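In what follows, a single structure is set out as structure tokens and then discussed.
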Amino acid sequence: MGKKLELGEPVIRGYLHYAYQLGILSRVAAARQWIYSNYIQLVCDERSTLVPLQFYMPNDAGYNWTLTCPLLEQQVISREMITDYNVNFLKFIKHAIDNEWYVVCHINEKYIKDTMAYQRSDFNHMMMVHGYDNEKGTVQVSGYNNKRQYASWEVPKDQLEEAFYRNKPDFLEEQMLRLYRVHRNIDDYDAAFELKPIAEGIKCFLLSQPPDRNIMLKNRRVRLTFGLNAYDQFIMYLEKVCNGEVRPNHIPLHAFMDHKLMMINRLKYIMEHRHDLDLHEYIRQYESYAQLLETARNVMLKSSIANKFEGVLDIIEDIKGLKIKEEQTLQRLVQGLD
């Protein structure tokens with residue numbers, strides 16, 4: 001016997017918490033308006049060399065690495081509650097899944113088969129558990145596999161248990177186990193199409209304006225840039241890569257690509273409800289932007305593996321040109337949606 005919670009194919013895969021949220025919500029029709037009203041803004045932390053760029057999607061505490069959709073119920077449990085009170089971790093996982101909860105926690109991927117770190121080195125990382133099979137003695141997990149691809153696969157339950165107990169989280173938030181499920185009162189949610197919040201979000205991105213009531217700006221440890229201006233900060237990061245000042249990271253380029261893919265889906269969603277708007281030309285433009293960024297991501301990935309960064313210089317020129325093109329596209333789009 002066992003149980004497996006469904007996960008759809010997420011548009012955004014560059015960061016796991018976005019992939020998890022969209023994977024859960026992909027089967028929830030009422031979530032579409034929320035999804036396309038969000039994932040518009042990009043934020044770049046000038047002081048971060050590890051993760052210089054991502055979507056702006058913080059929770060109420062300003063933490064930008066968790067699931068935030070109001071259509072999801074959430075529970076938060078600390079590792080200490082498991083370890084200090086001798087809670088059986090695997091029984092806890094099974095009980096959660098039996099009650100429709102997806103479990104997101106940080107584990108040591110050194111002990112999880114089919115990951116890049118398996119049997120090589122300690123690696124504290126996020127992983128979702130969303131199924132189990134008692135007969136096989138396995139659990140279903142989702143994360144990045146040993147091909148650096150977002151995927152879902154089975155691992156022995158003993159591996160998951162060892163990976164949990166042998167992990168050493170780097171930050172306080174990583175010590176939390178977070179449980180998510182689709183809200184039981186989902187039918188009460190107003191899922192009607194609204195163009196205004198989508199159009200305002202796109203305009204905010206174009207003008208590089210910080211979102212209203214921006215709690216992240218209260219954090220003195222970060223220095224944030226938003227919207228199109230994030231391109232400039234990311235170019236500075238790439239220049240540091242070329243100079244050997246920071247380690248290369250292909251994930252921000254993947255986030256840039258995800259941003260364009262989400263825009264394509266957003267424009268299609270708008271046309272579903274506003275038949276008077278012809279956005280096909282904008283979709284074609286964003287398809288070309290996404291293709292360019294996919295190529296740049298692959299170059300960065302190969303460069304980081306080979307430890308040779310000649311190709312990064314070409315990426316810098318591509319990003320400079322892309323910013324100019326997208327700014328022109330967005331100016332026309334904002335006028336068309338006004």
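Table: residues versus (1) touching a residue at least 24 places away in the same chain (Cβ under 8 Å); (2) not small (Gly, Ala, Ser).
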| site | (1), (2) |
| --- | --- |
| Asn86 | no, yes |
| Ala96 | yes, no |
| Val104 | yes, yes |
| Asn124 | yes, yes |
| Asn167 | yes, yes |
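When residues in the range 19-44 are screened for being of a type in the set (Val, Ile, Thr) and farther than 27 Å from Val334 by Cβ, 2 of them pass. Is it fair to say Asn185 is modelled with pLDDT under 95 and surrounded by fewer than 21 Cβ atoms within 10 Å (Cβ to Cβ)? Yes.
The residues of the range 93-118 that are out of contact with any Phe, Trp or Tyr (no Cβ under 8 Å at 6 or more places or on another chain) and surrounded by fewer than 18 Cβ atoms within 10 Å (Cβ to Cβ), listed by number, are His95, Asp98, Asn99, Glu100, Lys113. For the range 139-162, what are the residues that are within 26 Å of Glu73 (Cα to Cα) and surrounded by 18 or more Cβ atoms within 10 Å (Cβ to Cβ)? Scanning the range 139-162 gives Val139, Gln140, Val141, Ser142, Gly143, Tyr144, Tyr150, Lys157, Leu160. Restricting Lys325, Lys268, Lys302 to residues that are part of a helix (DSSP H, G or I), of a type in the set (D, E, K, R) and closer than 22 Å to Pro10 by Cβ narrows the list to Lys268.
The values are calculated or read from the model by the stated rules, or taken from the named source; none is laboratory data. Since the model is a prediction, treat every value here as computed from it, not as a measurement. For neighbour counting, all protein chains shown are included, and Cβ atoms are generated from backbone atoms with ideal geometry for every residue, glycine included.
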